[in-house]
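The values are calculated or read from the model by the stated rules, or taken from the named source; none is laboratory data. A quick note: this is a predicted structure, and the numbers were derived from the prediction, not measured. In this analysis, Cβ positions are derived from the backbone assuming ideal geometry, glycine residues included, and neighbour counts consider all displayed protein chains. The area values use the complete protein model at the heavy-atom level, side chains included, leaving out ligands, DNA and RNA. Shrake-Rupley method; radii C 1.70, N 1.55, O 1.52, S 1.80 Å.
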Amino acid sequence: MAAIPWGVMAILLPLAGAMACFLSPRRASPLGLITALGVVACAAGLGWQVAEQGAQRYAIGGWGAPLGIDLYADGLSLLMLMVTAVVGLGISVYSSGYFNREKAVNFWPLWMFLWSALNALFLSADIFNLYVTLELLGLAAVALVALAGGADALTGAMRYLLVSLLGSLAYLLGVALLYHSFGCLDIALLAERMEPSPAVMAAMGLMSAGLLLKTALFPLHFWLPPAHASAPAPVSALLSALVVKASFYILLRLWLDVFPVTAAGLGQLLGLLGAAAVLWGGLQALRQTRLKMLIAYSTVAQLGYLFLAFPLGSNVAWQGALYLLLSHALAKAAMFMAAGNILCFGGHDRIADLDRVAQRLPLSLAAFGLAGVSIMGLPPSGGFIAKWLLLEAAMRSGQWWWVIILILGGLLAAAYVFKVIGYAFTQAVMTHEARAVPATMEWAALVLALVAILLGLVAPWPLALMEIGLPFGGEAAG
Amino acid sequence: MNWDGWLPLLIVLSSLSVGLVIFFLPEERVATRTTLNLTGAVLKLVLVGVIIWGVVHRHHYETRLPLLPGLDLVLRADAESVLFVTLSSGLWLVTTVYAIGYLEGSPHRSRFFGFFSLCVAATVGVALAGNLITFLLFYELLTLATYPLIVHRGTDAAHQAGRAYLTYTIAGGALLLVGTVWLYGIAGSLEFSYRGFVAELADGHRAALIAIFALLIAGLAVKAALVPFHSWLPQAMVAPAPVSALLHAVAVVKAGAFGIVRVVYDVYGIEFAAGLGVTLPLATVAAVTIIYGSMRALFQDDLKRRLAFSTVSQVSYIVLGIALTGPIATIGGLVHLVHQGVMKITLFFCAGNLAETLGIHKVSEMNGVGRRMPWTMAAFTIGAFGMIGAPPLAGFISKWYLGLGALDAGQGWVIFILAGSSLLNAGYFLPILYAAWFKAPPDTWPAERSFGRRETAWALLAPPVVTALLTLALGLLASAPFSPLQWARSITTLEYAP
Amino acid sequence: MGAFYHDPGIRAVNDVLSVILLLSVPGLPLLLAFPALRSRLSWPCHIALLPAVVLLAVPEVVSIEVPWLLLGTGLGIDAASRWLLAMSVVLWAAAATLLHAPTGQPADDCLTTCFLLTLVGSLGAILATDQVGFFAFSTLMGYGFYGLLVAGGDEAPRRAGRVYLGILILADLALFEALLIAAETIEDLGFEAVRHAVARSPSPGLYLSMVLVGYALKAGVWPLHFWLPLAFRSARPAVALLLGGVPIAIGLLGMVRWAPVGEINFPDIGLIIQGLGLAAMLYAVLAGLERAQLKLLPAYAAILATGLFAIALGTGLADPAAWNRYGDLAHVFIVSLGFGLAGLATAIRWLEARYHCPAMLARQADGSNPWFERWPGAVVRWAARMGFDTLPRLRASWLAEVGRLRQVRAWKRMLDGSERFLQRWTFAITLFLLLGMVVVAFVGASSWIG
């Protein structure tokens, strides 16, 4: 057991699944589900391995760095991998009910491919490899957005494609500059050889900007709401929950390992942008009339929170941001799925007319509500733990203004979540018979939301896992 | 196996699990649901009885689960929590019976009772919380669990009330959160302990501690409906009567008041808080609330609205008792926590009976209703006189200790507040009683339902009668062993340094 | 006899019996006050008096401590209260018989309940041995009596009831304050102990004035007598019979028991009270002559008598020795006052029924009172107009202002416009490049400095 390279399996298995689904379109759905289960098993295996033996490093093909490709799994990547596995399983179950046969043929290979890219990204140990996986991820995601068909989806997909390419290119440019300066791409080696120079500054600027664009930090979020809102529900879920997190993950890695935190000013800038995102996203979400747009803007706001950790910089702050990332992934996936159910059931997602629909889908609405609890950061939920850690970090470092942002963001979130929830309580009578929603779809959403809530009760365990391999440098800066 | 470590958790779970099961019950399984509800309520009461027995015999009940590094989820039975948990679980049983009768035949009952149970689970959690973060956790859970109950009817008015409730309570929760985090940053601990734990931080953090106190109290004041954070409470009266009972007597308002008890006594320590100079402003706010609430109640024609404003006023008695620094006032405040609950729940039950049986919602429609529903109105009369503070009812005991405590603490002005409030209480309750008993009934009631020879359904009639008798007993038997008064006395000896 | 008492077994039985007896004096009427419990009894009001009769028949002085009741209270009977109890029993029995009188039909439930509650209050107050118990019972008596005044009546008794109720609330407030002061001074709230302790406390004046004002209101002593003529004019015969024996007697009894008369030397206050008493008697004579209504005669008689009582009390305050010598007569006075007023009221009803004078009825309907009897109503009306009404209105105007602000669309347009602006492609690219440059500049600058 201990010798099995679970990490490599986690990359190869979905790739194989993609092939299988592609080759045998009639059985795409069950094949995809089996693969999803397999990936979850791989993630669990890797988790066990890392927890027992500490951070893992695999040299693919026996060639180590600087020549070959290295895979590296510490607490950070492990958690990302695990949350991807859980959300991925949820999305797979949901999708098996969501897509009709012809759509499913296209969906499954793409989704498996995307999953594989994601896992590879989280395990990559060098910056070029990260670029490759990022590009693969972007392409798969664009294709999935386009899957819905129709003008809206195509425009959204096109815009998304351009943004994705632009961001990746900027990142690639930065990679080239770094390679030119130091002659290596491995993160650990880079960290050792790093010394400030104009080229490094330029690289850092380019890479950060590219990744911020892909992470949709305010004001670069403009592409996200249309893309996420126009995609099919499971695709929206995986975009919001996982794909945007990938570029944030890269940024986090670079920030922590490659570029030593020399620029406190830049941290403050990112924090300010994050704060603006929290407020702007919250306000815009509040103003939306369509449910999926509301959820998409909520993602913009929640991504802003992640960047509040940069100015704080302490161990607790990173833990908080990462915890938010985890709980948001789960909660947002559940929210999009619930929205998908409502859309599927009532044929529309106009918030003002939700009352007749919402009443008939108690499970989906419960999922939306529970996920909302986590998004608002109310206890007991993963969102609360994350917010608590961020607040604690802000208080300890004396930067109380971030506290105000965190609280305001929570209030805005409460406002827009309850704007939807309120419609469940109504005297209105169902007017038309609508399409039934398969039970798997309702339960997938509910279970993911429950896991997000559960994250609030088992916090010591993921937090301990996070510490493996000391991704945050171990010491508290604040 | 040693159960002492799990008993507090079991008490919370006894209603939490019932609530979760009920959510998934089909609407038409009335009998199952009723059985579940009552089993949960009785089981909880039995467990609470065990805990009371144990606490008296110096057992230590504490459940401790890790929540965050350095912070635990602590449920503990100490003197204060036993007082509150007994109140809420006792009244919950009564309210459950009432709610079963009240909602008979109405839609969405599974949803209602599910959230109803969650609400009580959260309240019990608030009561048993052994540190501030556990308190916060259940406090917010209570906010969430109550919202669906307030908007249950789904009318526009209900939605509006729900929005007001959320706006106030979520903002309040945010303030509480900030205060808690700040305090944790300074103190590094959040465990409740008798006579507080922040006193040793006094040097260097004085200003911060005052600010934290303000934040915490403001956050709690929203639920305790102190002026100026009170206006959600009168709006929330659109909810069904059992919910009003829950809001005003069992859970929400009480959780706020209990939180203030915790912050003043077990976080700051009353003597330290007094030294910090924060209790006098709190007493002033409470005094203003007492008078303002009563004045507003005077001019309400809607019965439940009048009662709601009355709650605004009455709950501040608790706060006033806490903020007057002195052991006797403390007794008054703590005992009013129980007494107000029992009296107000009686009044709301009666108001619900009038609405359900005769369609009466306004005071001006209550002429002669005492003849049609003598038992209900007798219970109402006892509750109202209790509120006024007439001896020998429960309210008299509270008022007695508050007044005495004020004199004891050298705060003579409070006497005038109490006198003014009693006067206003009489001003808005006695006209109701007069109309109900002595005016001639109209020819037809607004919307009468017939219950045969009885004045209304059993499940609706028994709860107010029981709580009215309890009001009487709490006053008459105040000096008996195990009465809330005796319990409050023993708490007081723990909270004041010898 | 002595041997009888020394047997511990017999004594225990005796104790239990006295507890049961004393508790049942107020307890039985309280139980019977519930309509359901008396529905099968034919003479509930008379039955309710039975324990009191039995208690009167027991010759010993008995008293019990009831530590679990209220704040720890006691009940007991001594020589003085025995007379009061006897007077009460006679009056109540008469009133209970009269309760059915006017129509011959049994009285309705509401009236009977009020009657029994008042009975509980009055008997309990007589038996109470401490202040809290007395206060509780006298409050119950007050509210019950209000019910008796109002039940089943038309506008005139209602008006009397309202005035009485207002008086009652104010009196209870004053007495509550007095009670608090007493409790602040001494733990034990027995009458004797409080009188001692208060007399020795630094400022007995506040306590004394609260007690005097409170009970003067309850007993209708001039100049706090507004309710008395109204009540006498409108009360039904049974209630008019009780007026002297119940509210007035209990009020005066409260004064005697609570005020530290005989312990304390207050010549000034004593003189003032004497003066007031004298004025009361003058007023009663003048007003009684001016408005020569037969029905009001007991009211003015009561004012006259209470004036006399005030003079005595004032003397007691000015000269404690005199009070200590003659103070016991106060109970006798109260008892005879109760009987006297009851007799007067009955006699007048009887006369009225016989002559049925229309002129008197006309005057009674017009209900004109001297201005000084109208001021409480005026104060209430004034207060309602001045302050309380405006509060909600202020708030409403404020809310309207907020609502207007909310309707301003500017915010909405701002949000809309800027989001569209952000979504424009060229702008986005510019922004992106700008960000890259800013980042470079930031990093460069900070590393330069660093």
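Neighbouring Cβ atoms from other chains, within 10 Å of the Cβ of residues in B:393-404, number 3 on average.
Amide H contacts under 5 Å for C:LEU99: none, restricted to partners 5 or more places along the chain or on a different chain, H placed in the peptide plane at 1.01 Å from N.
Straight-line reach from B:LYS362: taking Cα to Cα under 20 Å and skipping same-chain neighbours fewer than 8 places apart, the aspartates and glutamates in range are B:ASP156, B:ASP301, B:ASP302, B:ASP443, B:GLU448, B:GLU455, C:ASP389. Electrostatic tally near B:HIS152: other residues with Cβ closer than 11 Å to its Cβ, Lys and Arg +1, Asp and Glu -1, net +3. Computed from Cα atoms, the angle from the helix B:374-388 axis to the main principal axis of chain B rounds to 30 degrees.
Proximity of backbone amide H atoms, modeled 1.01 Å from N, is registered between C:ASP130 and C:GLY74 at under 5 Å, excluding neighbours fewer than 5 places apart on the same chain.
Quick one: net charge of C:TYR215's neighbours, Cβ under 14 Å, K/R +1, D/E -1? With Lys, Arg at +1 and Asp, Glu at -1, the net is 0.
Sequentially through the stretch B:111-116, phi angles give Karplus couplings (6.51, -1.76, 1.60; θ = phi - 60°) of 4, 4, 5, x, 5, 4 Hz, Gly and Pro residues having no value and appearing as x. Relative contact order of the stretch B:42-109, taken over Cα pairs closer than 8 Å and 6 or more residues apart, is 29 percent. Shielding by partners for peptide C:128-140, expressed as the average number of C-beta atoms from other protein chains within 10 Å of each residue's C-beta, is 3.
A simple rule links phi to the HN-Hα coupling: the Karplus curve 6.51 cos²θ - 1.76 cosθ + 1.60 with θ = phi - 60°, which for the stretch B:459-472 gives 5, 8, 7, 4, x, x, 5, 4, 5, 5, 4, 5, 4, 5 Hz, with x for Gly and Pro.
For chain B, the relative contact order is 14 percent, taking Cα pairs closer than 8 Å that sit 6 or more residues apart in sequence and dividing their mean separation by the residue count.
Ordered from largest to smallest accessible area (heavy atoms of protein chains, 1.4 Å probe), the residues B:THR39, B:THR155, B:THR467 come out as B:THR39, B:THR155, B:THR467. Put simply, when B:370-379, B:258-267, B:68-77 are sorted by average Cβ atoms within 10 angstrom per residue, most first, you get B:258-267, B:370-379, B:68-77. Measuring with a 1.4 angstrom probe and ignoring ligands and nucleic acids, B:VAL12 comes out at about 10 Å² accessible. In the protein assembly as shown, helical runs assigned H by DSSP with n ≥ 4 each contribute -39500 (n - 2.57); averaged across all residues and rounded to the nearest 500, the mean residue ellipticity at 222 nm is -24500 deg cm²/dmol.
Heavy-atom accessible area, probed at 1.4 angstrom with all protein chains present, ranks C:LEU329, C:LEU253, A:LEU370 as C:LEU329, A:LEU370, C:LEU253, highest first.
Backbone geometry of the stretch A:309-321 corresponds, through the Karplus equation with coefficients 6.51, -1.76 and 1.60 at θ = phi - 60°, to 3J(HN,Hα) couplings of 6, 5, x, 6, x, 8, 4, 4, 5, 4, 4, x, 4 Hz, x marking Gly and Pro.
For the stretch A:269-478, the square roots a ≥ b ≥ c of the C-alpha gyration tensor eigenvalues yield an a/c of 1.5 or more together with a/b exceeding b/c, which makes the shape prolate.
Given the pairs B:LYS254/B:LYS439; B:LYS44/B:LYS399; B:LYS344/B:LYS399; A:LYS387/B:LYS44; A:LYS214/C:LYS412; A:LYS214/A:LYS419, which are separated by over 26 angstrom at their Cα positions? Correct reply: B:LYS254/B:LYS439; B:LYS44/B:LYS399; A:LYS387/B:LYS44; A:LYS214/C:LYS412; A:LYS214/A:LYS419. Other protein chain C-beta atoms within 10 Å of residue C-beta, averaged over C:428-439: 6. Computed from protein heavy atoms with a 1.4 Å probe, the total accessible area buried between A and B is close to 2800 Å².
Relative to the longest principal axis of the Cα atoms of chain B, the long axis of helix B:132-150 lies at roughly 20 degrees. Of the accessible area of the protein assembly as shown, computed with a 1.4 Å probe over protein heavy atoms only, carbon and sulfur atoms account for 69 percent. Heavy-atom accessible area buried between chains B and C is around 3400 Å² (1.4 Å probe, both sides summed). Here's how it looks for C:VAL62: its modeled amide H is under 5 Å from those of C:ILE77, which are all 5 or more places away or on a different chain. For chain A, the relative contact order comes to 16 percent (Cα pairs under 8 Å, sequence separation of at least 6). For C:GLU177, what is the net charge nearby, where nearby means another residue's Cβ is under 14 Å from its Cβ and Lys, Arg count +1, Asp, Glu -1? Here the count lands on -1. Shape call for the stretch B:362-479 from the C-alpha gyration tensor, a ≥ b ≥ c root eigenvalues: rounded (a/c under 1.5), prolate (a/b greater than b/c) or oblate? Note, shape of the stretch B:362-479 comes out oblate. Quick check: from the Cα gyration tensor, does the stretch C:2-368 come out rounded (a/c under 1.5), prolate or oblate? The shape class here is oblate.
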